[in-house]
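Q: My questions will all concern the structure given below.
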Amino acid sequence: MIRVLGGSDNPFRALKVRNYRLFLSGMVVSNIGTWTQQVAQDFVVLRLSNGSGVAMGTVVAAQYLPMLLFGAWGGLVADRFDKRKVLLGSQTALGATAMVLGILVSTGTVTLGAVYLLALVYGCAFAVDAPTRQSFSAEMVGTEQVSAAVGLTSATFNLSKIIGPAVGSLLIVTIGYGPTFFVNAVSYLAVVGALLAMRPAELQRRAPVERRPGQVRDALAYVRRTPAVRDPILLMAVVSTFGINFIVLLPLLATDSLSGGVVTYSVLSSTMSIGSLAGALVAAGRRQVTPRLRIGAGVAFGAASVAVAVAPNLVSALPCLVVLGACTMTFLTSTNTSIQVAVDPQLRGRVISFYSLVLIGSTPIGGPLMGWIANQTSPRVAIAVGGIVALGASAVAWRFAARHGEPARAVRSLELAVGAPTVSPGI
C-alpha cells in the first residue's frame, strides 16, 4: 500500500528519539554561537573595507566557494563513512577557524586577506559538514520522522538566528569583537559532546557505499532522470542564487538604506528569524509536501522580497521581514523534505549535497553579484531584483508541474522509495 504524507502532526514528535534530542541540543548552542560570530564578522569586514558591499560579497563567496566546487564529494564522504565520526571531525575544524579569527582580531593583526583565507578554510570543512549533517537526520530518527526532524532542525536554527544576533551585539559592546569569536569557537564543543554521548547502536545506519569510480556522476545522472528530485533542485538553484542573499544584503540594508548600524542589523535579522521560526514549526507539523506548496512558497518569497525592498523605513520593513522569513523557511523546508523522501537511501548523502550545493554553493556567485548591484544602485534594488527573479522562476516551475498534472500531487513517503528504488542496480 502506498502511504502518503498527509495531514498534520505534532511538530515535536522527533524529540522522542534520544540521539536526535542530543544532536539538536548541541546544534542550538552551536548555531547561537555561529550567528553571534556572524554579526561580529560582518562589522569587522565593513570596518576593514570602509563599508564595501563587494568585500561583504567576497567573504561570503570565499566561505561558500568550496561547497560549489566540492560539495558533491562531501556528499560522497557522507555515503561512504560513518556520519557521526565525519561530523566530529568537521565540527572540530569549524570551531578551530573561529578560534584563529578571534586571535587575529584580539591581537589587532586581522586583515581582509586573513578573513578571506579563514572563510575559505571554513568553507572546506563546511562542504563536508553540510551534506553529512543533512543526511544524518534520517539515521537518527528513521524514515517516518524525517519531515519532522527537518522542520524542527530548521525551527531551532531560526530560533538561534533570533537569539544569536542579539547576543552578538551585546558581546561586541561589552567585551569586544575578538572575544565574540572565542565564544563561537567554544560553542562547537556542544555539538562534539552531543555526538560523543550518542548511542551508535540506536542509529538506523545503512551499509556504507563501496568505493568505485564514477559515483558522483551516477548520482548526478539519477537527479537528471528523477523529476521529483530534479525539479526542486533546479528551482532552488535559481531562487538561492538571486534571492537568498540576506547574509550580504541585510547588513547593507541596515547601514545604507536605513542609516543604522549593528543594532539595526540585529533587529532586521532577528525579526526575519521570528517569521522563519514560525514557518519552520508549521512545516515540522505537516505530513504532506506537494509541488503546489513548494512552488507557492517560491511565489510568496518573491512577493515578500519586493515588499521589503519598497518598505520606506524600519518600522514598515519589520512586518515584511516576518512574512519573508516565513516564506523563506516554508520554501526551504518543503524543498528539503520533498528531496529527502523521494531519493533512494543509497544516494541520500550525494543527492542532499546537490541540495546544499545549490542553496549554499550558489552564494559565491549570487553574493558578489547582488553586492555589486547593491553598490551600483542600492540594497533595496538588489533585494527587489532577487524577488522578481524568484517570481519568474516559480511561475516557470508551476507551468512545468501543471503540464504533468503535478501541483496537487503529494510526495510519496520514504518507505515507498525504500521498497521500490528507482535507481538502476549499477548505481
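Q: Restricting the range 38-56 to residues that are buried (at least 24 other Cβ atoms within 10 Å of the Cβ) and in contact with a Gly (Cβ under 7 Å, 6 or more places away or on another chain), which is nearest to residue 153 (Cα to Cα)?
A: 39
Q: I've got another one for you. Enumerate the pairs (first residue in the range 242-256 and more than 17 Å from residue 388 (Cβ to Cβ); second residue anywhere and in a helix (DSSP H, G or I) and of a type in the set (Asp, Glu)) with beta-carbon separation below 7 Å, excluding pairs fewer than 6 apart on the same chain, so at least 6 apart or on different chains.
A: So the pair list comes out as 251/42.
Q: I've got another one for you. Under 7 Å between Cβ atoms, which residue pairs at least 6 apart in sequence (or on different chains) link something in the range 192-215 that is farther than 15 Å from residue 347 by Cβ with a partner that is modelled with pLDDT under 80?
A: 204/142
Q: Six or more apart or on different chains, Cβ atoms under 8 Å: show the pairs whose first residue is in the range 29-44 and of a type in the set (Ser, Thr, Tyr) and whose second is open to solvent by 20 Å² or more (accessible area, probe 1.4 Å).
A: Pairs that qualify, where the first residue is of a type in the set (Ser, Thr, Tyr) and the partner is open to solvent by 20 Å² or more (accessible area, probe 1.4 Å), are 30/190; 36/167; 36/171; 36/183.
Q: Residues that are open to solvent by 40 Å² or more (accessible area, probe 1.4 Å), free of Cβ contacts under 8 Å to residues at least 12 places away in the same chain and of a type outside the set (Asp, Glu): does the range 270-289 have at least one?
A: no
Yes/no per residue for (1) basic (Lys, Arg); (2) surrounded by fewer than 20 Cβ atoms within 10 Å (Cβ to Cβ); (3) within 22 Å of residue 201 (Cα to Cα):
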site	(1), (2), (3)
68	no, yes, no
75	no, no, no
82	no, yes, yes
104	no, yes, no
116	no, yes, no
128	no, no, no
139	no, no, yes
142	no, yes, yes
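Residue-by-condition table, conditions (1) touching a Leu at 6+ places or on another chain (Cβ under 8 Å); (2) open to solvent by 30 Å² or more (accessible area, probe 1.4 Å); (3) hydroxyl-bearing (Ser, Thr, Tyr):
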position: 294; (1), (2), (3): yes, no, no
position: 310; (1), (2), (3): no, yes, no
position: 314; (1), (2), (3): yes, yes, no
position: 353; (1), (2), (3): yes, no, yes
position: 366; (1), (2), (3): no, no, no
position: 372; (1), (2), (3): no, yes, no
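Q: Against the condition β-branched (Val, Ile, Thr), buried (at least 20 other Cβ atoms within 10 Å of the Cβ) and part of a helix (DSSP H, G or I), how does residue 59 come out, does it pass?
A: Yes, satisfied.
Q: Between a residue in the range 89-102 that is over 11 Å from residue 189 (Cβ atoms) and any residue that is acidic (Asp, Glu), which pairs come within a Cβ distance under 7 Å, given they are 6 or more apart or on different chains?
A: 90/129; 94/129
Q: Another question, then. Kindly establish whether residue 162 is of a type outside the set (Asp, Glu) and surrounded by fewer than 19 Cβ atoms within 10 Å (Cβ to Cβ).
A: no
Q: Quick one: is residue 132 among the hydroxyl-bearing types (Ser, Thr, Tyr) and open to solvent by 60 Å² or more (accessible area, probe 1.4 Å)?
A: No: the conditions fail for residue 132.
Matching residues to (1) open to solvent by 40 Å² or more (accessible area, probe 1.4 Å); (2) at pLDDT below 80; (3) of a type in the set (Ser, Thr, Tyr):
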residue: 185; (1), (2), (3): no, no, no
residue: 194; (1), (2), (3): no, no, no
residue: 202; (1), (2), (3): yes, no, no
residue: 209; (1), (2), (3): no, yes, no
residue: 221; (1), (2), (3): no, no, no
residue: 227; (1), (2), (3): yes, no, no
residue: 230; (1), (2), (3): yes, no, no
residue: 234; (1), (2), (3): yes, no, no
residue: 262; (1), (2), (3): no, yes, no
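The values are calculated or read from the model by the stated rules, or taken from the named source; none is laboratory data. The structure presented is a predicted model; accordingly, all values stated were derived computationally and were not measured. No Cβ is skipped: glycine too gets one built from the backbone with ideal geometry, and neighbour counts run over all protein chains shown. Heads up: the accessible areas ignore ligands, DNA and RNA and are worked out on the full protein's heavy atoms, side chains in. Shrake-Rupley method; radii C 1.70, N 1.55, O 1.52, S 1.80 Å.
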